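Worksheet: one structure, shown below.
The values are calculated or read from the model by the stated rules, or taken from the named source; none is laboratory data. Please read all numbers here as calculations on a predicted model, not as lab measurements. Cβ coordinates were reconstructed from backbone atoms using ideal geometry, including for glycine residues, and neighbour counts include every protein chain displayed. SASA here: full protein model, heavy atoms, side chains in, ligands and nucleic acids out. Shrake-Rupley method; radii C 1.70, N 1.55, O 1.52, S 1.80 Å.
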Amino acid sequence: MSAVEPAIGGVLALGDRGTGKSTAIRALAALLPEIEVTRGCPYHCAPDAPAALCTICAQKAPRARERIGAPVVDLPLGATEDRVVGALDLERALANGEKRFEPGLLARAHRGFLYIDEVNLLDDHLVDLLLDVAASGENVVEREGLSVRHPARFVLVGSGNPEEGDLRPQLLDRFGLCVDVRTSHDLAERMEIVRRRDAFERDPAAFLKDWARKTTALRKKVVEARACIGDVTLPDAVLEKAVELCMTLGADGLRGELTLMRAARARAALSGEMLVSMETLKSVAPLALRHRLRKDPLDDSDAGVRVERAVSEVFVS
């Protein structure tokens, strides 16, 4: 859904170790449609969005175009701040005495996805940095005599094991959707998962070829959903239930309602529906709300269970 509607926000996958969270997220790149960029731009600027151009592209007239794969960038836990935000190009500075900015991971992730494995273990100073950029959509670097601003709008994707630590509430709030990944207890399903993993490791090229048709079909579905999502209607009756559900769960702020609306529209668009139904809203509610609940000392139920309980209560009428 976030591939269809980036405004939903980031996606967080939490669950047991070894359940394929990282594998699934890295496979996302094959499902994303290409994007049109200004040729040679390190920030992947969109030629048809003059208000969002970097200083380099703003000076080009006319701007040559090209199409590239949507970026999916890994942010390693041990990355330095310079590697993330960018810094002075030391090689050029030492060789020519020229001050030139070397873009970082945030520049590469612009208009794409930034993936953080074990996001709950990310250093606090990098969390603060990501929160600032996620709020403004712009990366600002002021250091070593450099003053650089460039667009940095991306979908934040994270994965982790809750047993290894919680996310800071400010960062958790930046994820639009949260997926709970558990180890399968179905014998046939586990056997099929193991077979597919083994087949990929033995011959990756053959495995990708076998699944190429389904991958292409799914990518086409995402492209079509992106094209029609602007025409998807969300009736007032559905919006009323979304608001009532968030109030019942005691969700802080209005991000819960906004995420529910956007996710429901994206799900409807993926299904080829032009009207958001109550069933569609109910299907996305656990993903949009499970990580927005306050901890209740009198209720130790799983967050997903609490959302399903509230859905049953709200949608009974």
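Descriptive notes on the structure:
- Within segment 9-27, being within 13 Å of the chain's Cα centre (by Cα), of a type outside the set (Gly, Ala, Ser) and in a strand (DSSP E or B) holds for Val11, Leu12.
- Considering segment 88-114, and only residues there that are in contact with a Gly (Cβ under 7 Å, 6 or more places away or on another chain) and open to solvent by 50 Å² or more (accessible area, probe 1.4 Å), the residue that is modelled with the lowest pLDDT turns out to be Lys99.
- Residues of segment 115-136 include none that is more than 27 Å from Leu167 (Cβ to Cβ), open to solvent by 20 Å² or more (accessible area, probe 1.4 Å), touching a residue at least 40 places away in the same chain (Cβ under 8 Å) and not in a helix (DSSP H, G or I).
- The residue list Ser159, Ser147 contains one member that is among the polar types (S, T, N, Q) and either modelled with pLDDT of 85 or more or in contact with a Phe, Trp or Tyr (Cβ under 6 Å, 6 or more places away or on another chain) (or both), which is Ser159.
- Only one entry in Thr80, Thr55, Thr23 is within 30 Å of Ala288 (Cβ to Cβ) and either open to solvent by 70 Å² or more (accessible area, probe 1.4 Å) or not basic (Lys, Arg) (or both), namely Thr23.
- A residue that is part of a helix (DSSP H, G or I) and either over 28 Å from Thr23 (Cα atoms) or without any contact (Cβ under 8 Å) to a residue 40 or more places away in the chain (or both) occurs nowhere in segment 287-302.
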